[in-house]
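*Asks:* Handing you a structure now.
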């Protein structure tokens, strides 16, 4: 079994998901080679062969060209599997590569069982077992599902590759999120509002509880998208990753992108009307109740102590 | 300009799911159905583009049984001009490649300048269909778009990356965009527009006419994940619950010291 790992770098830095790919290869006991669009000054810690295309030459986001480069590596190495992170880079590139290779693609794999793949369905409420029908398989791996993103030891043997085409999408540049405001990373207690708060007026209820607990309030993505809470309070993959002493999730169902940003919290209290909500999987305590009734009562009792 | 928007009908994710008799998907009974959330942003963006251009024609496409027409009517009431319903009672069992192949086959000769899809569905969540459609039609595609602007024949889009960073990209139509949550604020259909939508064209095409590829993967089974969390579940009167929670927080955390 041979696997091609598609590593990622952004602005010259190797992204942690790249090492999760390596953990995956080890878990399924596959021989691996790695592909990276990046730079020689920041090579991944990897004790194998690395096909390196210079980001300065081909661009960090250039799907047409990255696809062409990966196809060239597949032709040279003839792997049985091509693995991407299920990330903004991986989910954008994997279907393009899979289509060109006429390979089955299995998205957001969380586990491998006897040559089949387990993937989440319906916000992880269900799990689907998938069997590919092609010899070559393309997979994207859910962040955090396979081992750590910590750097292993090793220096790769580098083979440089380059592309001939230009690509049809012009990459203009990166835009950083508006900074300032709230650094949730420093808060000991975070109380977050999810879709279950129902209306913007109820943000105050969550903020009050945060205050009573001496902490900050945050929010999940839908609440930020609805502009009920500003983006600099968003917890999750596309917001801030936090690990406070206490995290209180109010009306948050627990999408994987949210869980990835808070599951390392020391103690997690969830308040949700849905007993089966995925947040229950990471919560130390799940209070099955309507937060609009429960939260004000808890706040009053905390204040009265 | 001709615009295509691809939408999917999905269950409300808060539903109590059950497994179907074949054991390969969720049972479709006793569920509340709605438009895939990501697709609401796709529809809204298409309508906004039409409003900007004045001259445009939006086709909304949906694959599934007769019941998906309800969701298509919402898209028509939001401002799409016509509907293309690909009638397929077996749609839930199709893999992304097959769904994409039907869309591409439908769109092939219709000269759509911009195709919008959601970045993924809320139920199956493969995040493949949009990109596969683009590959099949030979179009450039950008995924996970949170900002879209069309000006003088050029599209400028912002892709959402991890950690709050966005990538700014430019390209020229024909092209395909997959829409991320937060791209815009999807409108609620007004009553007059709901009435108008009833008169809009809704053409049904049998799936057999469009589906020409074999699945490259199959679902062995679907199951509820094992409950790994050893967490305590508390239920009951809210005042009692609050007392219990305070007691637990005192014992297990240092935050109430």
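*Asks:* Is it the case that some residue within region B:4-16 is over 18 Å from the mean Cα position of the chain (by Cα) and surrounded by fewer than 22 Cβ atoms within 10 Å (Cβ to Cβ)?
*Replies:* So the first thing to find is which residues in region B:4-16 are over 18 Å from the mean Cα position of the chain (by Cα), and the list is B:16.
Those still in the list that are surrounded by fewer than 22 Cβ atoms within 10 Å (Cβ to Cβ) too: B:16.
Yes, some residue in region B:4-16 is over 18 Å from the mean Cα position of the chain (by Cα) and surrounded by fewer than 22 Cβ atoms within 10 Å (Cβ to Cβ).
*Asks:* Residue under question is residue A:165, and the condition is that it be touching a helix residue (DSSP H, G or I) at 6+ places or on another chain (Cβ under 8 Å), surrounded by fewer than 19 Cβ atoms within 10 Å (Cβ to Cβ) and within 14 Å of chain B (Cβ to nearest Cβ); does it hold?
*Replies:* Values: touching a helix residue (DSSP H, G or I) at 6+ places or on another chain (Cβ under 8 Å): yes; surrounded by fewer than 19 Cβ atoms within 10 Å (Cβ to Cβ): yes; within 14 Å of chain B (Cβ to nearest Cβ): yes.
In short, yes.
*Asks:* Residues B:6, B:62, B:80: which one is part of a loop (DSSP other than H, G, I, E, B) and either modelled with pLDDT of 95 or more or under 16 Å from residue B:129 (Cα atoms) (or both)? Even if it seems obvious, please write down each step before you answer.
*Replies:* Details: B:6 fails: part of a loop (DSSP other than H, G, I, E, B); B:62 fails: part of a loop (DSSP other than H, G, I, E, B).
From the options B:6, B:62, B:80, the qualifying one is B:80.
*Asks:* Would you confirm whether or not region B:184-199 contains a residue that is in contact with a strand residue (DSSP E or B) (Cβ under 6 Å, 6 or more places away or on another chain) and either in a strand (DSSP E or B) or closer than 28 Å to residue A:125 by Cα (or both)? Don't jump to the end; show me each part of the working.
*Replies:* Initially, region B:184-199 is screened for residues in contact with a strand residue (DSSP E or B) (Cβ under 6 Å, 6 or more places away or on another chain), giving none.
There is no residue in region B:184-199 that is in contact with a strand residue (DSSP E or B) (Cβ under 6 Å, 6 or more places away or on another chain) and either in a strand (DSSP E or B) or closer than 28 Å to residue A:125 by Cα (or both).
*Asks:* Within region A:280-297, restricting attention to residues that are within 7 Å of chain B (Cβ to nearest Cβ) and more than 12 Å from residue B:241 (Cβ to Cβ), which residue is modelled with the lowest pLDDT?
*Replies:* The initial filter retains those residues of region A:280-297 that are within 7 Å of chain B (Cβ to nearest Cβ), namely A:280-289, A:293-294, A:297.
Okay, now just the ones that are also more than 12 Å from residue B:241 (Cβ to Cβ), so A:280-284.
On the way: A:280: 90, A:281: 87, A:282: 91, A:283: 94, A:284: 94.
Filtering first and then ranking leaves A:281.
*Asks:* Take the residues of region B:29-53 that are under 18 Å from the mean Cα position of the chain (by Cα) and in a loop (DSSP other than H, G, I, E, B): which is nearest to residue B:120 (Cα to Cα)?
*Replies:* Kept after step one, since they are under 18 Å from the mean Cα position of the chain (by Cα), are these residues of region B:29-53: B:31-48.
Going one step further and asking which of them are in a loop (DSSP other than H, G, I, E, B), we end up with B:31-32, B:36.
Working: B:31: 20, B:32: 19, B:36: 9 Å.
Once the filter is applied, the top-ranked residue is B:36.
*Asks:* Also: Tell me, which residue of region A:243-260 that is within 18 Å of residue A:183 (Cα to Cα) and surrounded by fewer than 24 Cβ atoms within 10 Å (Cβ to Cβ) is farthest from the other protein chains (Cβ to nearest Cβ)?
*Replies:* Filtering region A:243-260 for residues that are within 18 Å of residue A:183 (Cα to Cα) and surrounded by fewer than 24 Cβ atoms within 10 Å (Cβ to Cβ), the one farthest from the other protein chains (Cβ to nearest Cβ) comes out as A:243.
*Asks:* Something else: Please go through region B:135-145 and pick out each residue that is more than 8 Å from chain A (Cβ to nearest Cβ) and touching a residue at least 12 places away in the same chain (Cβ under 8 Å).
*Replies:* Across region B:135-145, the qualifying residues are B:137, B:139, B:145.
*Asks:* For region A:85-180, give me every one of the strands (runs of 3 or more DSSP E) that falls completely inside it and has 2 or more residues that are without any contact (Cβ under 8 Å) to a residue 24 or more places away in the chain.
*Replies:* Filter on region A:85-180 gives A:116-121, A:126-132, A:170-175.
*Asks:* Pick from B:203, B:176: which is loosely packed, with under 15 Cβ neighbours inside 10 Å, assigned to a strand (DSSP E or B) and in contact (Cβ under 8 Å) with a residue 40 or more places away in the chain? Spell out how you get there, then give the answer.
*Replies:* Numbers: B:176 fails: loosely packed, with under 15 Cβ neighbours inside 10 Å.
Of B:203, B:176, the one residue that is loosely packed, with under 15 Cβ neighbours inside 10 Å, assigned to a strand (DSSP E or B) and in contact (Cβ under 8 Å) with a residue 40 or more places away in the chain is B:203.
*Asks:* Of all residues being within 11 Å of chain A (Cβ to nearest Cβ) and closer than 19 Å to residue B:186 by Cα in region B:9-30, which is modelled with the lowest pLDDT? Just the residue, please.
*Replies:* B:13
*Asks:* Could I ask something else about it? Restricting to region B:225-243, what's the tally of residues that are surrounded by fewer than 17 Cβ atoms within 10 Å (Cβ to Cβ), touching a strand residue (DSSP E or B) at 6+ places or on another chain (Cβ under 6 Å) and outside any strand (DSSP E or B)?
*Replies:* 1
*Asks:* So is residue A:51 under 28 Å from residue B:120 (Cα atoms) and in contact with a strand residue (DSSP E or B) (Cβ under 8 Å, 6 or more places away or on another chain) or not? Walk me through how you get there before you give the answer.
*Replies:* Details: under 28 Å from residue B:120 (Cα atoms): no; in contact with a strand residue (DSSP E or B) (Cβ under 8 Å, 6 or more places away or on another chain): yes.
So residue A:51 fails the test.
*Asks:* Here is a further query. Out of B:149, B:134, report the one residue that is part of a strand (DSSP E or B) and in contact with a strand residue (DSSP E or B) (Cβ under 6 Å, 6 or more places away or on another chain). Can you show your working first?
*Replies:* Details: B:134 fails: part of a strand (DSSP E or B).
Every option except B:149 fails the conditions.
*Asks:* As an exercise: evaluate residue B:152 against (1) at pLDDT 95 or above; (2) more than 8 Å from chain A (Cβ to nearest Cβ); (3) surrounded by fewer than 24 Cβ atoms within 10 Å (Cβ to Cβ) and give the number of the one condition it does not meet.
*Replies:* Condition (1) is where residue B:152 drops out.
*Asks:* Output the number of the condition that residue B:111 fails; it satisfies all remaining conditions of (1) under 20 Å from the mean Cα position of the chain (by Cα); (2) more than 9 Å from chain A (Cβ to nearest Cβ).
*Replies:* The single condition residue B:111 does not satisfy is (1).
*Asks:* Follow-up. Looking only at region B:164-173, how many residues end up being more than 7 Å from chain A (Cβ to nearest Cβ) and free of Cβ contacts under 8 Å to residues at least 40 places away in the same chain?
*Replies:* Residues of region B:164-173 that are more than 7 Å from chain A (Cβ to nearest Cβ), as a first pass: B:172-173.
Filter once more, so that each one left must be free of Cβ contacts under 8 Å to residues at least 40 places away in the same chain: B:172.
Residues in region B:164-173 being more than 7 Å from chain A (Cβ to nearest Cβ) and free of Cβ contacts under 8 Å to residues at least 40 places away in the same chain: 1 in total.
*Asks:* Using the structure shown, decide if residue A:51 is in contact with a helix residue (DSSP H, G or I) (Cβ under 9 Å, 6 or more places away or on another chain) and in a loop (DSSP other than H, G, I, E, B).
*Replies:* Numbers: in contact with a helix residue (DSSP H, G or I) (Cβ under 9 Å, 6 or more places away or on another chain): yes; in a loop (DSSP other than H, G, I, E, B): no.
The answer is no for residue A:51.
*Asks:* Name the residue, out of A:102, A:129, that is within 8 Å of chain B (Cβ to nearest Cβ) and under 18 Å from residue B:133 (Cα atoms). Steps first, answer last, please.
*Replies:* Working: A:129 fails: under 18 Å from residue B:133 (Cα atoms).
Being within 8 Å of chain B (Cβ to nearest Cβ) and under 18 Å from residue B:133 (Cα atoms) holds for just one of A:102, A:129, which is A:102.
*Asks:* Can you name the number of the only condition in (1) surrounded by 20 or more Cβ atoms within 10 Å (Cβ to Cβ); (2) without any contact (Cβ under 8 Å) to a residue 60 or more places away in the chain; (3) more than 14 Å from chain A (Cβ to nearest Cβ) that residue B:191 fails?
*Replies:* All conditions are met except number (1).
*Asks:* Taking residue B:218 as the residue in question, decide whether it is at the interface with chain A (Cβ under 7 Å from one of its Cβ atoms) and out of contact with any strand residue (DSSP E or B) (no Cβ under 7 Å at 6 or more places or on another chain). Please lay out each step first, then the result.
*Replies:* On the way: at the interface with chain A (Cβ under 7 Å from one of its Cβ atoms): yes; out of contact with any strand residue (DSSP E or B) (no Cβ under 7 Å at 6 or more places or on another chain): no.
The answer is no for residue B:218.
The values are calculated or read from the model by the stated rules, or taken from the named source; none is laboratory data. Worth saying up front: this structure is predicted, and the values here are computed from it rather than measured. Methodologically, a virtual Cβ is constructed for each residue, glycine included, from the backbone with ideal geometry; neighbour enumeration extends over all protein chains shown.
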